[in-house]
Amino acid sequence: MARREIKYENGKFVFCQPPKPNGFELDLSNMTIGRNFSLNVSQIADELKITPRQLGNYFYDGLGISAKEWITQQRMVLARKFIYAVAAGELRIGDIAAQLGYSDPSHFTNAFKRCYGLSPADAVAKIKKAV
């Protein structure tokens, strides 16, 4: 299988295959992951009208990670921003977990810890201590 490229154009990630007679692009900018973080790989594949396996191949070939890992990374980028709202008393950690699509706050805590090396509560404490 030829290696697919990923391009970033006009604020969108676009996965491309080598040129074909009819051309082919998978534009992920229309995915609702940016607005609905409870989506999973199957739901995103359905939205794009491809199979979960095809979606996984695009991500792995284009980014070297699975679609599930990409979703988790996107969630963790937002989680890091939301942690400041927790430190300011505007949100609770459970609110962040729910907002990012985690049905169980402990799953969110474990993902956050794997990504950043400390729990959300420790991150909040560190922020409060720095201020």
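Structure notes:
- For the stretch 69-130, size of Cβ-based charge dipole, Lys and Arg +1, Asp and Glu -1, in debye: 240 debye
- Sequence of 104, 95 once ranked by neighbouring C-beta atoms within 10 Å, starting from the fewest: 104, 95
- Extension gain from residue 80 to residue 113, taking 0.36 nm per residue of separation minus the Cα-Cα distance: 10.8 nm
Read the figures in this text as sums done on the coordinates, not as results from a lab. All values derive from a computational prediction rather than experimental measurement. Note: ideal-geometry Cβ built from the backbone for every residue, glycine included; neighbour counts use all protein chains shown.
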